[in-house]
1. Could you tell me which of the residues P253, P279 is within 25 Å of R123 (Cβ to Cβ), part of a loop (DSSP other than H, G, I, E, B) and not hydrophobic (A, V, I, L, M, F, W, C)?
2. Within region 305-345, track down each residue that is surrounded by 23 or more Cβ atoms within 10 Å (Cβ to Cβ), under 22 Å from the mean Cα position of the chain (by Cα) and of a type in the set (A, V, I, L, M, F, W, C).
3. Go through region 175-201 and report how many residues are at positive phi and within 14 Å of the chain's Cα centre (by Cα).
4. Check A223, A229, A239 and return the single one that is part of a helix (DSSP H, G or I) and of a type outside the set (D, E, K, R).
5. What single numbered condition from (1) out of contact with any helix residue (DSSP H, G or I) (no Cβ under 9 Å at 6 or more places or on another chain); (2) touching a residue at least 60 places away in the same chain (Cβ under 8 Å); (3) exposed (fewer than 15 other Cβ atoms within 10 Å of the Cβ); (4) not in a helix (DSSP H, G or I) fails to hold for L105?
6. Using the structure shown, decide if A170 is part of a loop (DSSP other than H, G, I, E, B), buried (at least 20 other Cβ atoms within 10 Å of the Cβ) and in contact with a strand residue (DSSP E or B) (Cβ under 6 Å, 6 or more places away or on another chain).
7. Does region 45-58 hold any residues that are within 21 Å of A186 (Cβ to Cβ) and assigned to a helix (DSSP H, G or I), and which are they?
8. Name the residue, out of A75, A42, A61, A36, that is surrounded by 15 or more Cβ atoms within 10 Å (Cβ to Cβ) and part of a helix (DSSP H, G or I).
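The values are calculated or read from the model by the stated rules, or taken from the named source; none is laboratory data. On a predicted model such as this, the values are computed, not experimentally measured, just so you know. Virtual Cβ from ideal backbone geometry, glycine too; neighbours counted across all protein chains shown.
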Amino acid sequence: MKVLKEGGHRLFETDPETARYVAELLVRLRRDGMDAVRALSAQFDAWSPKSFELSAKQIAAAVGECPRQLRTDTAFCQGNVRRFARAQLRMFKPLEVESPRGVWLGHRHIPVHSVGSYVPGGRYPMFGSAQMSIIPAKVAGVKSVIACTPPVRGSGYYPATINAMKQAGADRIFVLGGVPAMALMAFGMGEVDPVDILCGAGNKFVAEAKRQLFGQCGIDLLAGPTEIAVIADDSADPALVACDLLGQAEHDPASGQLCVCLSVAFGRAVLKEIERQLPALPTREIAGQSWAANGKLSVARDRDEAIRISDDYAPEHLELHVDAPAYYFDRLRNYGSLFIGEETTVAYGDKSIGTNHILPTSRSARYTGGVWVGKFLKTVTYQRMTPAASVRVGEVTARQCDVERMAAHAVTARVRVARYSAQPGRRRKKHA
């Protein structure tokens, strides 16, 4: 491997100062409830309305402010997400098997009751994030989705975000951001009951709040700065590869970009294209910082080394600009979402194509995928058996318990062995 450009280390933001600060906020929020929510929202966002929850009239007004084309485009994007989530749901089937004889084991899938969805604002009003957490939850069968989005500092909310949240199926919408929003949903404050799962991306304070709230409720995943990797061979267009790398670089100065190519000449062509395209970007200040600090370009000896480099990076998004995509598809293992061929791009996945954009970052794609309909389903097991099977299993279980010195466990087995050995046809009493 030859490195033509070094990039920074991708570390999830877990600095002690952020952790300490968020911990102090959560203690205050738990102790003081809505008084703390209101005070912190006024401090951080200059936002302290009579109610943080939007009424049906306010939601309708926000939707009405959105141009028809925006509403139509949002419906198109959300329709794609909804259809894909429904297709995913169809793969979940109940299971029951008899093994061993007289013992039936099974599982079923039960949706969680409530989800808290956080739709980020900040530098960009990412209203497309609404469908990525709300729609899969509703398709899974979640009864209650509470959605929060930060205000536009001091001046209310972004209508396109409210429209997206409403159309995605949010049951209640709150204009509230940051750690107070996460605490509102996780602890349950005012008229909000505690949610079962927190879902959605956010800044380092939101991510740290999710980390500390895990256990109080579930979370989708911990997401750091966004990232992209592109594997490109000499059949690719260097201008298009550069374009896609810069497309992710504009997110944040901490965003990560990796290009893995198969020749030095192609790699240099990509670097030249980045130099040409960057000055023309309206977001060049952020994209330039990101590429300078975190952009990396490596030249692999062959396809297998390219795959090893990518799998080690374990990117959130991975694009394939190659003439033999099947070879890579069959062998790549670590990525959040894969974009096969130059015809598709990360922006399609982020906004409109139907797959989810809440994805693992900071190498967590080594062990988890992104948000999907299954994130909101609990797979639970059950068992039942005949009296004769209870005797057979009970004898083995009692001996196992004896070895572990768990006497009371052994008694629960032996009492059944004795009961059903004496009365092998005995059935359980039916209770009303």
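1. Working: P279 fails: part of a loop (DSSP other than H, G, I, E, B).
Result of the check over P253, P279: P253.
2. Matches in region 305-345: L318, F339.
3. Here the count works out to 1.
4. Within the list A223, A229, A239, the selection yields A239.
5. (3)
6. Values: part of a loop (DSSP other than H, G, I, E, B): yes; buried (at least 20 other Cβ atoms within 10 Å of the Cβ): yes; in contact with a strand residue (DSSP E or B) (Cβ under 6 Å, 6 or more places away or on another chain): yes.
Yes: the conditions hold for A170.
7. D45
8. On the way: A75 fails: surrounded by 15 or more Cβ atoms within 10 Å (Cβ to Cβ); A42 fails: surrounded by 15 or more Cβ atoms within 10 Å (Cβ to Cβ); A61 fails: surrounded by 15 or more Cβ atoms within 10 Å (Cβ to Cβ).
Within the list A75, A42, A61, A36, the selection yields A36.
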